[in-house]
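To start, the structure under review is shown below, and the notes come after it.
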Number of protein chains: 2
Amino acid sequence: MTEFSLKDAKITGNFWQNFMELVRTEVVPYQWAALNDRIENAEPSYCMHNFQVAAGKKAGKHGGLVFQDSDVAKFLEAVAYVLAWHPDSELENIIDAAIDDIVAAQQPDGYLNTYYILNGLEKRFTNLKDNHELYCLGHFLEAAVAYYHTTGKDKLLKALIKYVDLVDSLIGAEDGKTHGYPGHQEIELALIKLYEITQDEKHLKLAKYFIDERGKTPLFFQEETEKQGNNFYWQHSLFQYGYYQAHKPVREQQHAVGHSVRALYMYSGMADVAHKTGDETLMNACKRLWSDVTSKQMYITGGVGSSHYGEAFTFGYDLPNDTVYAETCASIALAFFARRMLEYDGFKAEYADVLEQTLYNGIISGMAADGKSFFYVNPLEVVPKATQKDQLKSHVKTQRQKWFGCACCPPNLARILASLASYAYAKNNDTLYINLFAESEVKSKLQSGTIALNITTRYPWSGTITVKITEISPKSTLAMRIPGWCEKYSVKINNAAANKKLQNGYLTLTTLKTGDEIILDLDMPVNIIESNPAVRENIGKVAIMRGPIVYCLEEVDNGDNLHHIALPANATFTHHHDKDFYCGAVTLQTTAKKLQPTGTQSLYQKSHPPKYTNVTTKWIPYYLWANREPGEMCCWVRVLN
Amino acid sequence: MTEFSLKDAKITGNFWQNFMELVRTEVVPYQWAALNDRIENAEPSYCMHNFQVAAGKKAGKHGGLVFQDSDVAKFLEAVAYVLAWHPDSELENIIDAAIDDIVAAQQPDGYLNTYYILNGLEKRFTNLKDNHELYCLGHFLEAAVAYYHTTGKDKLLKALIKYVDLVDSLIGAEDGKTHGYPGHQEIELALIKLYEITQDEKHLKLAKYFIDERGKTPLFFQEETEKQGNNFYWQHSLFQYGYYQAHKPVREQQHAVGHSVRALYMYSGMADVAHKTGDETLMNACKRLWSDVTSKQMYITGGVGSSHYGEAFTFGYDLPNDTVYAETCASIALAFFARRMLEYDGFKAEYADVLEQTLYNGIISGMAADGKSFFYVNPLEVVPKATQKDQLKSHVKTQRQKWFGCACCPPNLARILASLASYAYAKNNDTLYINLFAESEVKSKLQSGTIALNITTRYPWSGTITVKITEISPKSTLAMRIPGWCEKYSVKINNAAANKKLQNGYLTLTTLKTGDEIILDLDMPVNIIESNPAVRENIGKVAIMRGPIVYCLEEVDNGDNLHHIALPANATFTHHHDKDFYCGAVTLQTTAKKLQPTGTQSLYQKSHPPKYTNVTTKWIPYYLWANREPGEMCCWVRVLN
């Protein structure tokens, strides 16, 4: 398996442990209650209900959306990860019972999707474009694989292999099969996870087929639409089949387009298939699309998908801060893609830089500090009135919500946070890579021996990372990422300056011995950041970062009319570590200029030099916005050059 | 009649005559061909076809939209105005024949709307909210009134009075009548025009009823929707019934909301009714809404309705330049409202200032310089790629279009331009008001005698206006507007400095004699304009005006990446009168700063002082944008303070 095993690393404290504990103690119980329609004053989700009805265990009809099953799958996957670092037999029993319900709904031929089981099996697989059967199967595969890795139990896995066999008998290149592929990609990367367990070439082949067939002419989606009389929602839109990334064969795609979660799940699957098959053309497409996303279409928060319309990518450097979508799930999908590119393309730190950027900002901004509510949309500029009066911004919320009818983001957050250790570390031959800095204990088998170490750090609030080697074989290498944002660092081994050998952005330490203590000290000043001048929305503006953390201004600290605030080009910031502020998050202060109120002033008048007042501005980490009273927020502020 | 008669003033040269001649020689013939489906390679309009079929003169079905009849009406109105200043018996014969076709379609009870005549009369008046019967009737009333004023012919007028009688028998306050009002306001102001001819109190009463009933609880639109099983398109929108300005009684409305053309037609009708009935509460509502529109929701071009969604107002100071709608028709409707407020609220020049602002910018930008193509949407910032790749901006076009399926803007432009003289002048008791400056001849009866004068001017390119009095009675006053943009002016009578007596922004000249020559010289420097700092989109930016003309930058003159251009706060402009540039339009030049290209640069990096190159920028009148090769355009540029 490529992915770093959760059994090999345990997050033990500080920043990430806090999030993981929120997932374990808040998100998981709440979601389980929601999946079972036990939340008062909330619309039922029908999630487990659907399986129980489909299994004949209770009477009723299908409820919820066509992809309602996937919420169960993502939840199961998250719990599987939680159980890996926090064994809990009670919780495991609950999951086993849920799996019993799920598998009981499976049809004799292997089919397992409650929407069609309850609404008419004769229509199954007649709308691959929109009806998410393969998407749901993909999520269940990921859940089954995760649960198998954690517990060794294979009931769900076996059931799903049977379902995959059914799909494989119906869809594929051979005559008589449907030459189709999913409207919402996901199964591609899931099949590779399955293949890593089964080593059954059929599973790899099916994943590769979905990737290879996509976008070929004549277009399957078009044929399916005509043959089945399906609706084509994007017929009058600029998207056309680009919404589904099916506008051309994937190897010919130059730019990230369409629904951003679909796109990034697909790119992840493409990377998996390219890696497993050694397909360079496909890997080149992945590199090209990676570059397009991260160097032209990504917010500074790691948010992607700048358009609410279609939850989609638009085009290079089009990054509006207020009409933005930047769905939490899309940033999570970007993290999936980043980890794969990191592991498949020679462990280059630039991939981990993006992973870090999106994790510390656009992903965790999706969850409230108490783990009880969630954002879909992660804007970089908010004016409450605009979200209430302008339909174009009405998708932007000023407060996180409890649970959604289409509840994709909360369980997605749960599964990435619960599996954080598999992003923080990677291994290859005799090298252990530290991609992200978290207080943790690691013990993992490398090619020629075991490496074990303890990490202590207050990262991201401090740049000091202490690594204590507790076990190591002579040939092992420890590779610690030097973040792209870091311009200066020092490293000591047992209190003596160490050799700074950098490889692909990783500090590469060899000849380590058991008992060695490494202290990496990353200089972490506040940086004033500009965007590429091609980004129209940010021209003449700057954002503030310290380490990997993007900062923002909120009305509760800085008053309203945040757009009246401008920074002197030479602004200097002080940083403040307040133990009581959200687990000791570091806040920043600087003196800025704020336009003086002018009283009544006409809408247009002859220009005059602006009059500013010096104000002390307070900046908080972006991911913590909207945890206090609702109000304006912004990340990019004007700079006075 | 309140409105200044077109028979009393003739535009004789320069700026406005050019537009009026385009209407006469290009727009009118083209539109007549379009109304009769004689344009090659264009979808048929079905406009005259529908009347001919409804009259039994040919076989066929109804074609086009539910309000297709209104295109014919607006065309007839425009031609009626053209005939007032350019008699043309051939054209008049064509119109008489068209009126024969229209009246032939009238039903025995007076009903006259081809959509329902051809699709089933039993459904007429069952969807006042959406199906535009009263709207079409309103436009026909305006056409009939205009044609009657120009030609004295009353065939259409009489037919429509019969139709109004039918409406009056079915809709109104009395028991047994429908207590309804139109979904698209228009008939209110049209009924007042009718009343001015008929002096029939029934016509005034019906207009007043539509105004008074609107927005009352229980809400008619809601009841109608339920009773008739109609659709309510805005059910899930922020608008709700505010889209139709029916969210509350009109006298209680504080802010301009919803569809901007509906709103401004309604405000015009409200002003008419308030004026005719002396209703102060209603006039106060008009003043409040006027203020909200013009001091908080109007672009510098006089564009209104900042949101494409619903073609609507949003909220105060929300004036995005790139996702803007600012429909040509909405600016025209604003001019209607402005003229009424000017005439009903004591001839205050501030109303004429807005009239001028929207006419010289956001209205005439709707038509190409050759009169052959038209804009619906009048953006203040355009990046072609964004209009092609971002659905949010896909309504913004980079080139004007020939004719539209919903062809509201071109005939609306035709009717306002063809009746320009009635906006340029007004009279009250013994005062003749000059609101707009146009080369023209005026002869009009005031209370105690006739006033006649000739005006020569190259306005708006020059601020010099020469008025030669050719006839005047001793008690007559000539009131010449001193524009709000003008800070300095001189006035001479027969070459001697004259007394500058200002009343409500009008220079008031009394004791004039036949033969007097008045030379008004308005100082017309280039002004750098800022918007109220509450407008987020324009913070740190300025726009350029000279006289009433807003200027813009185009890619064809200034290269791409217009957002890289910034103006020094003390920029000085030179102006250039080029005879060959669109009838001698004045262009401007100034040295500005443009960001140096940086080659490849990452998406985000540490901020550094921007490097600028001095560039000569060329500014053209906003209304002339998109007459050359398509490209970027912008009005608001950053200023370096």
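The values are calculated or read from the model by the stated rules, or taken from the named source; none is laboratory data. Because the structure is predicted, anything quoted here is derived from the model rather than measured. Heads up, the Cβs are rebuilt from the backbone with ideal geometry, glycines too, and the neighbour counts pull from every protein chain shown. SASA here: full protein model, heavy atoms, side chains in, ligands and nucleic acids out. Shrake-Rupley method; radii C 1.70, N 1.55, O 1.52, S 1.80 Å.
Here residue A:402 does not qualify as free of Cβ contacts under 8 Å to residues at least 60 places away in the same chain and among the charged types (D, E, K, R). One residue stands out in region A:85-99 among those that are in contact (Cβ under 8 Å) with a residue 12 or more places away in the chain and farther than 11 Å from residue A:24 by Cβ: the one that is surrounded by the most Cβ atoms within 10 Å (Cβ to Cβ), namely A:95.
A single entry from A:572, A:591 fulfils the requirement of being within 14 Å of chain B (Cβ to nearest Cβ), β-branched (Val, Ile, Thr) and either open to solvent by 20 Å² or more (accessible area, probe 1.4 Å) or part of a helix (DSSP H, G or I) (or both): A:572. Since residue B:583 meets every condition but one in (1) open to solvent by less than 60 Å² (accessible area, probe 1.4 Å); (2) more than 8 Å from every other protein chain (Cβ to nearest Cβ); (3) among the hydrophobic types (A, V, I, L, M, F, W, C); (4) under 24 Å from the mean Cα position of the chain (by Cα), which condition does it not meet? Evaluating residue B:583 over (1) open to solvent by less than 60 Å² (accessible area, probe 1.4 Å); (2) more than 8 Å from every other protein chain (Cβ to nearest Cβ); (3) among the hydrophobic types (A, V, I, L, M, F, W, C); (4) under 24 Å from the mean Cα position of the chain (by Cα) leaves (1) as the failure. Close Cβ contacts (under 7 Å, 6 or more residues apart or on different chains) running from residues in region B:359-379 that are under 14 Å from residue B:326 (Cα atoms) and among the aromatic types (Phe, Trp, Tyr) to residues that are open to solvent by 10 Å² or more (accessible area, probe 1.4 Å) and outside any strand (DSSP E or B) comprise B:374/B:400; B:375/B:397; B:375/B:400; B:376/B:404.
For residue B:323, the requirement of being touching a helix residue (DSSP H, G or I) at 6+ places or on another chain (Cβ under 8 Å), more than 26 Å from residue B:142 (Cα to Cα), in a helix (DSSP H, G or I) and modelled with pLDDT of 95 or more is not met.
Pull up region B:397-423, narrow it to residues that are aromatic (Phe, Trp, Tyr) and closer than 20 Å to residue B:43 by Cα, then point me to the one that is surrounded by the most Cβ atoms within 10 Å (Cβ to Cβ). Filtering region B:397-423 for residues that are aromatic (Phe, Trp, Tyr) and closer than 20 Å to residue B:43 by Cα, the one surrounded by the most Cβ atoms within 10 Å (Cβ to Cβ) comes out as B:403. Working only within region A:168-189, note down all residues that are part of a helix (DSSP H, G or I) and closer than 20 Å to residue A:215 by Cβ. Result: A:187, A:188, A:189.
Of the residues making up region A:273-291, those that are open to solvent by 10 Å² or more (accessible area, probe 1.4 Å) and either in a loop (DSSP other than H, G, I, E, B) or away from chain B (no Cβ under 11 Å) (or both) are A:275, A:276, A:277, A:278, A:279, A:280, A:281, A:283, A:284, A:287, A:288, A:290.
Checking each residue in region B:244-277 for being of a type in the set (Asp, Glu) and more than 23 Å from residue B:318 (Cα to Cα) picks out only B:272.
Condition check for residue A:49 on (1) open to solvent by 10 Å² or more (accessible area, probe 1.4 Å); (2) outside any helix (DSSP H, G or I): one failure, at (2).
I'd like to know if region B:308-317 contains one or more residues that are crowded, with 24+ Cβ neighbours inside 10 Å, within 14 Å of chain A (Cβ to nearest Cβ), out of contact with any strand residue (DSSP E or B) (no Cβ under 7 Å at 6 or more places or on another chain) and not in a helix (DSSP H, G or I). There is no residue in region B:308-317 that is crowded, with 24+ Cβ neighbours inside 10 Å, within 14 Å of chain A (Cβ to nearest Cβ), out of contact with any strand residue (DSSP E or B) (no Cβ under 7 Å at 6 or more places or on another chain) and not in a helix (DSSP H, G or I).
Elements of the type strands (runs of 3 or more DSSP E) sitting completely within region B:429-538 and holding at least 3 residues that are touching a residue at least 24 places away in the same chain (Cβ under 8 Å) and open to solvent by less than 20 Å² (accessible area, probe 1.4 Å): these cover B:439-446, B:449-457, B:464-471, B:477-481, B:506-509, B:517-522, B:526-531.
Scanning region A:598-612 for residues that are over 22 Å from residue A:540 (Cα atoms) and not in a strand (DSSP E or B) yields A:598, A:599, A:600, A:601, A:602, A:603. Among the residues of region A:546-569, those identified as within 11 Å of chain B (Cβ to nearest Cβ), at pLDDT 95 or above and open to solvent by 30 Å² or more (accessible area, probe 1.4 Å) are A:560, A:561. Restricting region A:301-329 to residues that are in contact with a Gly (Cβ under 8 Å, 6 or more places away or on another chain) and polar (S, T, N, Q) leaves a set whose member that is nearest to residue A:374 (Cα to Cα) is A:328. Applying the criterion of being hydrophobic (A, V, I, L, M, F, W, C) and in a strand (DSSP E or B) to the residues of region B:575-588, the residue that is nearest to residue A:610 (Cα to Cα) is B:588. Looking only at region A:322-356, count how many residues are in contact with a strand residue (DSSP E or B) (Cβ under 7 Å, 6 or more places away or on another chain), open to solvent by 10 Å² or more (accessible area, probe 1.4 Å) and within 14 Å of chain B (Cβ to nearest Cβ). Matching residues across region A:322-356 total 2. Only residues that are part of a helix (DSSP H, G or I), of a type in the set (A, V, I, L, M, F, W, C) and under 20 Å from the mean Cα position of the chain (by Cα) were counted across region A:236-272, and they come to 6. From A:353, A:370, grab the single residue that is part of a helix (DSSP H, G or I) and among the charged types (D, E, K, R). Going through A:353, A:370 in turn, the sole match is A:353.
Would you confirm whether or not region A:294-301 contains a residue that is assigned to a helix (DSSP H, G or I), in contact (Cβ under 8 Å) with a residue 12 or more places away in the chain, buried (at least 24 other Cβ atoms within 10 Å of the Cβ) and not hydroxyl-bearing (Ser, Thr, Tyr)? Scanning region A:294-301 turns up no residue that is assigned to a helix (DSSP H, G or I), in contact (Cβ under 8 Å) with a residue 12 or more places away in the chain, buried (at least 24 other Cβ atoms within 10 Å of the Cβ) and not hydroxyl-bearing (Ser, Thr, Tyr). Within region B:155-169, the set of residues being surrounded by 15 or more Cβ atoms within 10 Å (Cβ to Cβ) and closer than 16 Å to residue B:124 by Cα comprises B:163, B:164, B:165, B:166, B:167, B:168. For region A:357-370, the candidate set comprises residues that are of a type outside the set (Ser, Thr, Tyr) and closer than 13 Å to residue A:551 by Cα; within that set, the residue that is most open to solvent (accessible area, probe 1.4 Å) is A:357.
Which one of these does residue B:44 not meet: (1) outside any loop (DSSP other than H, G, I, E, B); (2) over 13 Å from residue B:115 (Cα atoms)? That leaves (1) as the condition not met.
In this entry, residue B:543 passes the filter for residues that are buried (at least 22 other Cβ atoms within 10 Å of the Cβ), touching a strand residue (DSSP E or B) at 6+ places or on another chain (Cβ under 8 Å), within 14 Å of another protein chain (Cβ to nearest Cβ) and part of a strand (DSSP E or B).
When region A:374-396 is filtered for residues that are crowded, with 19+ Cβ neighbours inside 10 Å and part of a loop (DSSP other than H, G, I, E, B), the ones remaining, listed by number, are A:375, A:376, A:378, A:379, A:380, A:383, A:390, A:396.
Six or more apart or on different chains, Cβ under 9 Å: which pairs go from a residue in region A:606-630 that's away from chain B (no Cβ under 14 Å) to one that's open to solvent by 40 Å² or more (accessible area, probe 1.4 Å) and aliphatic (A, V, I, L, M)? Could you list them? From residues that are away from chain B (no Cβ under 14 Å), the pairs are A:628/A:556; A:629/A:556; A:630/A:556.
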